[in-house]
1. Name the residue that is nearest to the other protein chains (Cβ to nearest Cβ), counting only residues in the stretch B:305-316 that are of a type outside the set (A, V, I, L, M, F, W, C) and either in a loop (DSSP other than H, G, I, E, B) or buried (at least 21 other Cβ atoms within 10 Å of the Cβ) (or both).
2. Can you pull out the residues in the stretch A:229-257 that are modelled with pLDDT of 95 or more, outside any loop (DSSP other than H, G, I, E, B) and of a type in the set (A, V, I, L, M)?
3. Would you be able to tell me the number of residues in the stretch A:1-21 that are of a type in the set (Lys, Arg) and under 14 Å from A:Leu389 (Cβ atoms)?
4. Of the conditions (1) more than 10 Å from chain A (Cβ to nearest Cβ); (2) surrounded by 24 or more Cβ atoms within 10 Å (Cβ to Cβ), B:Thr37 satisfies every one except a single condition; which number is it?
5. Would you point out which residue out of A:Leu324, A:Leu378, A:Leu319, A:Leu354 is buried (at least 21 other Cβ atoms within 10 Å of the Cβ), of a type outside the set (Gly, Ala, Ser) and more than 14 Å from chain B (Cβ to nearest Cβ)?
6. If the requirement is being part of a loop (DSSP other than H, G, I, E, B), under 27 Å from the mean Cα position of the chain (by Cα) and either β-branched (Val, Ile, Thr) or under 20 Å from A:Ile83 (Cβ atoms) (or both), which of these qualifies: A:Val160, A:Val175?
7. So in the stretch A:1-13, with the set limited to residues that are within 14 Å of chain B (Cβ to nearest Cβ) and assigned to a loop (DSSP other than H, G, I, E, B), which one is surrounded by the most Cβ atoms within 10 Å (Cβ to Cβ)?
Protein chains: 2
Amino acid sequence: MQKLIKPLIQKNDSKIVMVVLDGVGGLPVNGKTELETSNIPNLDALARESACGLHVPVAFGITPGSGPGHLGIFGYDPQEFQIGRGILESLGLGLEVKKTDVAVRCNYATIKDGIIVDRRAGRIPTEQSRRLTEKLQQEIKRIDDVELIFAPGMEHRFAVLLRFPEPLEPDAAMVPDTDPQKEGNPPLSPAPMSKSAEKVSKVAEKLINKAHELLKNEEKANFILTRGFSGLPHIPTFEEAFALKSIAIATYPMYRGLARLVGMDTPSIEGSVEDEIRFLKQNYNDYDFFFLHVKKIDSYGEDGNFDGKAARIEEFDKLLPQILDLKPDVLVITGDHSTPALMKGHSWHPVPVLIKSPYVLGGLCSAFSERECTKGELGIFPAINIMSLALANALRLKKFGA
Amino acid sequence: MQKLIKPLIQKNDSKIVMVVLDGVGGLPVNGKTELETSNIPNLDALARESACGLHVPVAFGITPGSGPGHLGIFGYDPQEFQIGRGILESLGLGLEVKKTDVAVRCNYATIKDGIIVDRRAGRIPTEQSRRLTEKLQQEIKRIDDVELIFAPGMEHRFAVLLRFPEPLEPDAAMVPDTDPQKEGNPPLSPAPMSKSAEKVSKVAEKLINKAHELLKNEEKANFILTRGFSGLPHIPTFEEAFALKSIAIATYPMYRGLARLVGMDTPSIEGSVEDEIRFLKQNYNDYDFFFLHVKKIDSYGEDGNFDGKAARIEEFDKLLPQILDLKPDVLVITGDHSTPALMKGHSWHPVPVLIKSPYVLGGLCSAFSERECTKGELGIFPAINIMSLALANALRLKKFGA
């Protein structure tokens, strides 16, 4: 898609706003989905005059994580551009990952006589984990010429960046997980899986040993297990791929991190969706493309809280007129994946999407919902097409061929 | 697609008629599209009993030129088979391009002291351009062993074929445009971009110099700029790909030219759509596949003349019973792309398509329009699938696998 689009890109003054209602797609409980249950007059009215459809985030039947979910709607094939687990964990914990970094996600664990007896160190309290991680950061600032940046997570989890002085060779992060996956086994060795991974492997080994030395007197968290060694993926930026100056408006570090992967500006912001929209208005003159992320809808879905999820959708609906007042040339509203409260987690179901511009048919859907969007002019289509449609509706794509 | 189809092809006596209403797809003005506004009882009745849907010419959001638009509905992937600008221009000006030709589109320009001061020679009148092009043809019939065939175009435009005595190597047409794109610059050199392009480059250089010598006393058109050097694409013919003996019924040279690229017979015909249908009847016994091209719908769309476009659609509707009277085994009616009057040009929007045969569901659409076709049994699908559907409905495809 990007190869096809690139020679066709032209710039203009149009504004594209993409609102991602995280996990908005759902499934019926008592006959109606979360969207169908919620009272959302503004979204419904907008759907009636928009191009509607459902996007398939990765492929039929495939449940996407947040990484692939967002890459898809940003126009990047999530099967081609894969984000390492260490990278995603680090982004989620608010670390700013650089090109020379290798990211690792870690667990505190309990080891006894060389055998892992608890892979999660009894799920130690987050507060204790935070204290231990600060200790590691204080005591292990460098290993050889590599800087280490730690970030505490929930319970037994944390992440660490190995910041090398210069960019590494391809495959340099090919170091296996040391987590043996089952208690009663010794930890595995971070032996290099490629010649170019020797450097990272050595640093990992030293890190594991130093950490054990520092933690050896802890009752439970006396060892660390390392997983998901990974470097930044090579992804063309939004500027390179689409000639768009873009900004992410997101309060959760993970989503700012994902947006940073594709080169969006990602200022740290806090607050409610209303605060996000205020921020959108303040920055409206300075960018071409705005990614506005609404997190809480997904959170309630993950908790299996059907009514709570519906209420969060209603909350957004009340704020929608503020976005419409900006009169963006193209407004896209969709989710990165479905999170049916019924399933208490992400799912594979296609996600409702609406595209508002002067160049749509409209008039095919009576509401913004999974079932109404099946009647729309966009049909059921791969998520990566959303960006080409947004660009086309913004008149930012020239004709293909003569 | 073609690779899948080829081993399944079987011949029979069926007739397939494909009517291309150029640029038929539109967008609403005052709530209704051109198709929805026009009074087309015959098309609507046919849609009610046909398989309907919308085809995507190239990809979501991509606006096709006439070349890619037609290749797609002829069953050729427009991303795989790309038609050079020189070739398309030559076809549009009615030149018959051969396999040993390199086609170039040219502008008359004004040069002064080695600097291009007007890239379009003041848009000289077509009549003057025609006279100059005839002079070039008279004076430059050959360069070395290469025959030159000129064709005048509108205003400052013309095309020239460099007819080599034998087929050229791959990449032999890789010669850059000499148009500097901006006035105030010298013309660029037609330096070869590959080893195999040296021959073409040399001829181009001699052509440019000879033309300048002949034109040097012209007030405005004293130089030529060359663009879009290209040879014929290697496209399997309709006979090779689909085992169909095919004919194009089109009054505009461009569309006959495109049909010739895929090996259709392309007799020169003139007149109205009614004349085209008369010609269809006269030749009905002699071919398996008939491509009938209706141009004027697109022309009015390009002019932004909504009512004019709707009137041209109505005009075709009145003639449709004459085609139905032939009782073709398969009748396909669609467009090569959308040309909404609202946009005054081609657009990316999916194009309504109907396929009439004894083997369809039907009963899903109440009219032939963009919105009604979203309800059809074909859904929204890539244009290249139209040909396999046409062949299947003509019972010309065997079972795949046992």
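The values are calculated or read from the model by the stated rules, or taken from the named source; none is laboratory data. What you see is a predicted model; the values in this text were computed from it and never measured. Ideal geometry is used to build each Cβ from the backbone, glycine not excepted, and the neighbour counts take in all protein chains shown.
1. The first filter runs over the stretch B:305-316 and keeps only residues of a type outside the set (A, V, I, L, M, F, W, C), leaving B:305, B:307-309, B:312, B:314-315.
Then drop every residue that is not either in a loop (DSSP other than H, G, I, E, B) or buried (at least 21 other Cβ atoms within 10 Å of the Cβ) (or both), which leaves B:305, B:309, B:312.
Numbers: B:Asn305: 18, B:Lys309: 16, B:Arg312: 21 Å.
Filtering the stretch B:305-316 for residues that are of a type outside the set (A, V, I, L, M, F, W, C) and either in a loop (DSSP other than H, G, I, E, B) or buried (at least 21 other Cβ atoms within 10 Å of the Cβ) (or both), the one nearest to the other protein chains (Cβ to nearest Cβ) comes out as B:Lys309.
2. Of everything in the stretch A:229-257, those that are modelled with pLDDT of 95 or more, outside any loop (DSSP other than H, G, I, E, B) and of a type in the set (A, V, I, L, M) turn out to be A:Ala241, A:Ile247, A:Ala248, A:Ile249.
3. Here is the first cut: in the stretch A:1-21, the ones of a type in the set (Lys, Arg) are A:3, A:6, A:11, A:15.
Those still in the list that are under 14 Å from A:Leu389 (Cβ atoms) too: none.
Count: 0.
4. For B:Thr37, the failing item is (2).
5. Numbers: A:Leu324 fails: buried (at least 21 other Cβ atoms within 10 Å of the Cβ); A:Leu378 fails: more than 14 Å from chain B (Cβ to nearest Cβ); A:Leu319 fails: buried (at least 21 other Cβ atoms within 10 Å of the Cβ).
One residue alone meets the criteria, A:Leu354.
6. Working: A:Val160 fails: part of a loop (DSSP other than H, G, I, E, B).
Among A:Val160, A:Val175, only A:Val175 is part of a loop (DSSP other than H, G, I, E, B), under 27 Å from the mean Cα position of the chain (by Cα) and either β-branched (Val, Ile, Thr) or under 20 Å from A:Ile83 (Cβ atoms) (or both).
7. Within the stretch A:1-13, the subset within 14 Å of chain B (Cβ to nearest Cβ) is A:1-10.
When the remaining residues are screened for being assigned to a loop (DSSP other than H, G, I, E, B), the result is A:1, A:10.
Working: A:Met1: 18, A:Gln10: 11.
The residue in question is A:Met1.
Let's see how each residue does on (1) charged (D, E, K, R); (2) assigned to a strand (DSSP E or B); (3) modelled with pLDDT under 95:
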| residue | (1), (2), (3) |
| --- | --- |
| B:Lys210 | yes, no, no |
| B:Ala221 | no, no, no |
| B:Ile224 | no, yes, no |
| B:Ser268 | no, no, yes |
| B:Glu274 | yes, no, no |
| B:Lys281 | yes, no, no |
| B:Asp286 | yes, no, no |
| B:His293 | no, yes, no |
